[in-house]
Amino acid sequence: MKRIIVFLQLMLSLTACNNDFLNEKTLAAESKEATGIMVSPDWLEAYYEVYCDIQNTDFKIISKPEWLDVSSTSGRFENNIATFRCKATENRDFADYGIYADLMYLQTSAGETIAITVSCLIAGNPKINVQYTSKQYISNDFFCELTIKNEGKGILLWAINSYPDWIKFTNFRDSEQNLNGILRPNEEITFHISNPEAPYPESFDEEIEIVSNDASRPSVKIGLPGSMDEGKLGIDINTLDFGRELTRISAAIINNGSGILFFSLKDLPEWLRVAPQNLYLSAGISLVLDFYCDRDKLPLENLSTTINLHTSDPQNRIVPLTVTVRNSNTNEPNVRGIEGSVTDAWMDKDADILYITTSQPNKQKISHSQRQIIP
């Protein structure tokens, strides 16, 4: 599960929500620019880091916005990083929601001037809406569209905070493919979610988490992409009997649901192989699973084991399949005593079963050639 540390930076190219949405400031001549910070009167005092391409050096703050409280007016750059503990105070000039930018200037012990863009967020009342707008299955790959929209009257800060390792987000609007950003009222962003390398999920309970500054919904969690719960498993076999000679058994699997079905067979014994071992099926699609028994790897004994078919069908997360195989190389004795006199016997070679009829008592015995006699 990938988890993103939320760090939202102001993009100066944003257009205004109102006339004061983003006050442009001109950098002082010959000043060096550092990365910016964003604060809000709604947030507690906190530490903020800025980066500047500068050697280890001391500095002091020579100017800052009136609405910015900083715990110390001096500090030091270590490995190009300086840390400030600060908080935004209320400002009556910020009458409406928006992001208001100003500049803070530092002077280093070497006489250099460093400019830091300080942005004050007046959030207003943002409302997040997250939805899948479409999905489809394409040749062992799938994608769906995840849309994040601001339906409130305010500035929405959002970030995809965690998601399964095996999916990829593609946003055709943002060439940098950022998984966090800022949305104005009625603005939205859409991601295509895909699995380009077609890996298999470790768990069907994984989720995508989106965090935001929506006070009523600070965290939105959604299930696996493509409404996985809509997939429904159908399989035509639950026992695989390789007998003494078979090396391959085929089974049909189908998705009887309306969404995508994931499936996988894991932790197989070394003598058993299946193709394909994992896959995605769209609605109504079926395929054949081929199970292969490598008899050269069988131990010198008859085997009966259970393997588990894992699926995204919520009613059939784990489906046990019984696998039996009789090793023709075993020297297990197959001599059994029976009561009465044998009156008839016949062998079903296809099923590998010997039928014996006796009298006094009148019984029928059924014997698998390498198994115990069954009355």
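The values are calculated or read from the model by the stated rules, or taken from the named source; none is laboratory data. As the structure is a computational prediction, the values presented were derived from the model and not from experiment. Because the Cβ atoms are built from the backbone with ideal geometry, glycine has one as well, and the counts that use them run over all protein chains shown. Areas reflect the complete protein model, heavy atoms only, side chains present, ligands, DNA and RNA absent. Shrake-Rupley method; radii C 1.70, N 1.55, O 1.52, S 1.80 Å.
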task = Might you work out the accessible area of Cys52 for me, using a 1.4 Å probe with all protein chains in place, and round it to the nearest 10 Å²?
result = 0 Å²
task = Using 0.36 nm per residue of separation minus the Cα-Cα distance, give me the extension gain between Lys32 and Ala46 in nm, one decimal.
result = 2.6 nm
remark   = Applying the gyration tensor rule to the Cα atoms of the stretch 237-300 (axes a ≥ b ≥ c; rounded if a/c under 1.5, else prolate if a/b exceeds b/c, else oblate), the class is prolate
message = Need one number: nm distance between label points at Gln55 and Arg217, each 7 Å from Cα along Cα→Cβ, rounded to one decimal.
response = 5.3 nm
message = Going by average Cβ density within 10 Å per residue, which order do the peptides 154-166, 268-280 take, highest to lowest?
response = 154-166, 268-280
key: Extension reserve of the Glu207-Ser63 stretch, reckoned as 0.36 nm per residue once the Cα distance is removed   = 47.3 nm
inquiry  = If packing is taken as the average number of other Cβ atoms within 10 Å across a peptide's residues, how do 95-103, 37-45 rank, most packed first?
reply    = 95-103, 37-45
For the stretch 42-63 and the stretch 236-288, distance of Cα centres in Å = 58 Å
ask   = Considering only Cα-Cα distances, which of the following residue pairs are longer than 23 Å: Lys64/Lys87; Lys149/Lys232; Lys232/Lys297; Lys127/Lys232; Lys32/Lys60; Lys64/Lys153?
value = Lys149/Lys232; Lys232/Lys297; Lys127/Lys232; Lys64/Lys153
task = Please work out the FRET efficiency for the pair Ile285 and Arg248, using the Cβ-Cβ distance as r and a Förster radius of 25 Å; give the result to the nearest 0.05.
result = 0.65
key: Point-to-point label distance, Ala110-Ser341, nm (Cα→Cβ direction, 7 Å offset)   = 11.4 nm
key: Distance in nm between pseudo-label sites at Thr322 and Asn125 (7 Å out along the Cβ direction from Cα)   = 6.3 nm
key: Neighbourhood net charge (13 Å Cβ-Cβ; Lys/Arg +1, Asp/Glu -1) for Lys32   = -4
